[in-house]
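Enquirer: This is the structure I want to talk about, given as structure tokens.
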Amino acid sequence: MTQIQAPAGQQPGRRRPTYTTPASPGSDPHGPHTGRAARALARVSGWWRGGGPVTVLFLLPMLLVFGLFSWWPIARTVVMAFQQTNLVEPAHWVGFANFHRVLSDPLLPTALRNTVVFAGLAFVIGYPIPLLLAIAMSDLRRARGLYAVLAYLPVVVPPAVAVLLWQFFYDASGDGVFNTVLGWFGIGPVPWLVSAHWVLPSLVMEATWAAAGGTVIIYLAALTSVPKELYDAAEVDGAGIWRKLFHITLPHLRAIMLVTLILQIIGTAQVFLEPYLFTDGGPDNASLTVLLLIYNYAFGSTTGGGDYGDATALSLLLALALALLSWIYFRLTRSWSDS
Amino acid sequence: MKTTRLRAVALSITAVALGSATLAGCGSSNNSDGASASKGSVTISVEGWRPGDQQATIDYVKQQAAAFHKLHPDITIVPKEWQWNAATFPAQLAGGTLPVSFRVPFTDTKGLVARHQVADVDQDIRALPYFDTLNKNVLAAAEGTDGKVYGLPSDVYANGLHYNRTLFKQAGLDPDKPPTTWDEVRADAKAIHDKTGQAGFGEMTKSNTGGWILTTLTYAMGGRVESEDGKTATLDNPGTEQALQMLHDMRWEDGSISPNNSYDWAGVNQAFAAGKIGMFVSGSDVYNALVTTDKINPDDYGLTAIPLTDSSDAGALGGGSVNVVSAKASPTEAKAAVEWADFFRVKKYTDQDAAVADAKAQTASKQPVGTPTFPIFDQASYTNYQTWIKDYVNVPLGQMQGYTDSMFALKLVAEPAVQTQGVYGALDPVVQKVLSDKGADIPSLLQQANQKAQQIIDQG
């Protein structure tokens with residue numbers, strides 16, 4: 001293996017001295033200026049002969065795709081946040097008017113509150129579940145793969161289909177699936193999606209079901225890296241399940257847990273699909289989230305439709321807020337994750 | 001050797017990628033999706049059928065496109081699946097994925113014209129032989145503030161009360177005597193709920209339809225949601241309050257509105273066709289969609305005029321569609337689009353041969369023929385049209401008598417003229433709150449909604 005790799009790795013290094021040597025200061029017979037030019041020329045020619053153009057050519061399609069579909073829209077968003085446009089007539093600059101209008105929209109506090117509540121509920125309900133599932137699964141001796149597949153299945157179900165399915169479960173009358181089950185225990189009927197109090201917990205439960213599988217797989221992969229000897233040693237020392245969990249498993253998962261947590265916070269702060277498909281923000285804006293508000297500015301017609309400037313302004317504010325949050329998060333948890 | 005070949009391959013791949021990207025860039029024209037023109041002949045995409053329509057409907061539209069092509073060999077029509085939707089329309093407009101010819105509600109034309117989002121087809125429309133006989137009130141919906149005409153009105157309707165005759169029978173009610181007052185509506189809805197377990201009444205709540213139907217109920221109770229000049233929002237009027245109180249009581253006292261009541265236009269149609277709703281309010285021509293999209297059993301269907309209170313202002317909300325042309329269409333395409341709208345939607349009301357040909361084709365494709373709409377010319381031409389197609393009528397007109405008997409006596413009230421969708425959107429959450437919160441404070445909800453609507457009107 002090493003024999004095959006070594007020559008390939010050494011090849012560029014072996015070539016380089018043949019053209020860099022003349023450019024070294026000591027051996028330059030024509031003074032400092034020509035020396036610098038020669039060095040630059042040598043660098044370019046070295047880059048050229050070292051396979052530089054091919055690297056760029058290979059990179060180009062990806063640069064084009066990223067540029068066209070990722071960076072260009074981001075740049076346009078920033079520009080459009082300071083413009084008024086309906087994308088048909090020419091845009092005109094409006095300074096900070098869009099930001100001012102968005103920040104004074106009475107719906108913004110509602111959307112912010114709902115988004116924070118959603119993220120909070122997702123943290124309480126949605127964050128521990130995949131972790132517990134993964135830990136339980138990693139302890140299984142048989143059919144671990146089967147359980148992993150079962151846990152991952154909801155991720156495979158197309159989101160729109162999952163929402164249709166859960167709408168059926170969340171039937172608010174006594175005949176609904178969940179309400180029938182709760183009815184056996186004398187509970188309910190619960191007005192799931194049609195009550196302002198129940199709508200966000202209902203959305204979080206579906207979102208947890210839909211997304212947990214992906215995180216379970218990440219945790220399962222991380223758990224395989226925990227050395228088995230540690231558990232054996234702990235057992236010899238008389239540690240029970242909980243002590244093993246708190247003193248071996250969780251400390252080993254700490255770095256991964258910190259990453260999944262910030263990913264979850266960013267994901268839930270941008271929640272759109274569930275409120276859009278289940279309730280369209282209702283009832284009475286009880287499930288209106290920041291991203292749904294952005295969508296409504298641009299494409300919904302509750303505001304007359306087509307306020308692309310307002311939509312991009314709020315998008316920009318959300319992106320900045322999330323960037324700031326992530327920065328603070330990583331600063332605060334730096335010592336934690338360096339384990 | 002290997003390296004050289006590798007470089008050659010990389011170069012070729014990049015060249016192909018760059019080449020195709022450049023070609024793709026060159027290929028995008030100024031035309032709307034699917035439109036092209038060359039040497040006098042033109043091809044345009046048009047609104048064809050709704051998503052979910054049956055094959056027969058798709059076939060019928062394609063046949064009509066072929067028949068049109070025979071009459072106009074230089075115009076090729078490409079029908080697309082499309083339906084107006086308040087939520088997706090601005091996105092499609094911005095993205096350029098609209099067909100060249102499409103319909104928008106009466107209420108949206110003026111806004112589109114003001115924002116230059118539809119083409120100026122004034123000359124083409126005025127050149128139509130029947131232009132001078134178009135009903136002036138109907139035509140007003142297609143006019144911009146500059147007095148120019150920006151589209152051809154069609155599919156005019158008054159909102160009516162649709163009811164399920166089978167559920168009426170099961171509840172011990174007479175399906176030939178539908179309710180004529182709101183008290184009767186409430187009593188019948190309760191009877192249906194109590195005897196059949198289904199919802200007695202269905203109310204749209206989403207995508208601005210909550211506001212649309214609440215405005216209909218408001219008009220029926222003599223209220224208005226905007227001042228006549230459209231400058232002042234009047235959502236907190238006694239009519240709207242009365243309508244909301246009725247919905248509240250039907251939901252929380254009678255239980256005749258289901259706790260699951262969360263519908264948009266298509267959703268309530270689906271639930272009604274499936275026999276889950278006893279009554280609902282929608283456009284008089286919704287039977288067409290109930291047949292072609294939701295496969296309703298015709299025996300179940302009944303239509304009657306919307307009950308009006310004693311108030312002298314009480315009336316039925318009326319609306320319709322305007323066939324407009326994408327702002328990105330060339331003059332040739334725009335002219336072709338107007339000719340298609342004339343052929344497909346309007347000509348049949350003025351020309352016996354066209355009426356019969358269309359009715360024949362629709363009957364052959366098992367499409368509903370004879371669903372009551374509102375005249376876009378006058379009562380006489382409407383009656384003429386009904387006589388021409390009499391032999392082909394396949395909708396249960398006898399079950400729609402409650403509506404057809406009184407349609408010409410009905411006081412028709414136009415939708416709010418300024419920021420209609422914005423006003424409807426402000427009312428959506430109010431309807432949702434009243435149906436989801438037993439203790440909802442209706443007057444204060446309406447006050448808040450009114451402030452919001454006023455803000456939307458003021459912003460223009």
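The values are calculated or read from the model by the stated rules, or taken from the named source; none is laboratory data. For clarity, every value in this text was computed on a predicted model and none was experimentally measured. Quick reminder, even Gly has a Cβ in these numbers, built from the backbone with ideal geometry, and neighbours come from all protein chains shown.
Enquirer: For residue B:336, all conditions in the list (1) touching a helix residue (DSSP H, G or I) at 6+ places or on another chain (Cβ under 9 Å); (2) of a type in the set (A, V, I, L, M, F, W, C); (3) in contact (Cβ under 8 Å) with a residue 40 or more places away in the chain hold save one; what is the number of the exception?
Expert: (1)
Enquirer: Still on this structure, I have one more. If you scan segment A:111-170, which residues turn out to be under 21 Å from the mean Cα position of the chain (by Cα), of a type in the set (Gly, Ala, Ser) and over 23 Å from residue A:250 (Cα atoms)?
Expert: A:111, A:160, A:162
Enquirer: Hand me the list of helices (runs of 4 or more DSSP H) wholly inside segment B:373-460 holding 2 or more residues that are within 13 Å of another protein chain (Cβ to nearest Cβ) and touching a strand residue (DSSP E or B) at 6+ places or on another chain (Cβ under 9 Å).
Expert: Counting at least 2 such residues, we get B:420-436, B:442-459.
Enquirer: Do you know which of the residues in segment B:308-327 that are assigned to a loop (DSSP other than H, G, I, E, B) and surrounded by 20 or more Cβ atoms within 10 Å (Cβ to Cβ) is modelled with the lowest pLDDT?
Expert: The selected residue is B:327.
Enquirer: Against the conditions (1) surrounded by 23 or more Cβ atoms within 10 Å (Cβ to Cβ); (2) of a type outside the set (Gly, Ala, Ser); (3) under 23 Å from residue B:439 (Cβ atoms); (4) modelled with pLDDT of 90 or more, where does residue B:237 fall short? Just the number, please.
Expert: Answer for residue B:237: the failing condition is (1).
Enquirer: Which members of segment A:59-82 meet the condition of being within 13 Å of another protein chain (Cβ to nearest Cβ) and either surrounded by 15 or more Cβ atoms within 10 Å (Cβ to Cβ) or small (Gly, Ala, Ser) (or both)?
Expert: Across segment A:59-82, the qualifying residues are A:60, A:61, A:67, A:80.
Enquirer: On to the next question. Hey, residue B:235 hits all of (1) touching a Gly at 6+ places or on another chain (Cβ under 8 Å); (2) within 13 Å of residue B:446 (Cβ to Cβ); (3) of a type in the set (A, V, I, L, M) but one; which does it fall short on?
Expert: (1)
Enquirer: Are any of the residues in segment A:277-298 within 14 Å of another protein chain (Cβ to nearest Cβ) and loosely packed, with under 15 Cβ neighbours inside 10 Å?
Expert: no
Enquirer: Can you tell me how many residues within segment A:238-258 are out of contact with any Leu (no Cβ under 7 Å at 6 or more places or on another chain) and free of Cβ contacts under 8 Å to residues at least 40 places away in the same chain?
Expert: Residues meeting the conditions: 12.
Enquirer: Looking for something modelled with pLDDT of 90 or more and within 14 Å of chain A (Cβ to nearest Cβ) - is there at least one such residue anywhere in segment B:133-147?
Expert: Scanning segment B:133-147 turns up no residue that is modelled with pLDDT of 90 or more and within 14 Å of chain A (Cβ to nearest Cβ).
Enquirer: Also, I was wondering about something else. If a residue must be surrounded by fewer than 15 Cβ atoms within 10 Å (Cβ to Cβ) and within 13 Å of chain B (Cβ to nearest Cβ), how many such residues does segment A:150-196 contain?
Expert: 5
Enquirer: Return the only residue of B:185, B:156, B:121 being over 25 Å from residue B:281 (Cβ atoms), more than 14 Å from chain A (Cβ to nearest Cβ) and surrounded by 21 or more Cβ atoms within 10 Å (Cβ to Cβ).
Expert: Just a single option satisfies the conditions, and that option is B:121.
Enquirer: Check residue A:331 against each of (1) surrounded by fewer than 20 Cβ atoms within 10 Å (Cβ to Cβ); (2) touching a residue at least 24 places away in the same chain (Cβ under 8 Å) and name the one condition it does not meet.
Expert: All conditions are met except number (2).
Enquirer: From the residues in segment B:286-307 that are polar (S, T, N, Q) and surrounded by 16 or more Cβ atoms within 10 Å (Cβ to Cβ), which one is farthest from residue B:214 (Cα to Cα)?
Expert: The extreme case among them is B:292.
Enquirer: Within segment A:203-284, which helices (runs of 4 or more DSSP H) (wholly inside it) include 3 or more residues that are more than 21 Å from residue A:136 (Cα to Cα)?
Expert: A:250-269
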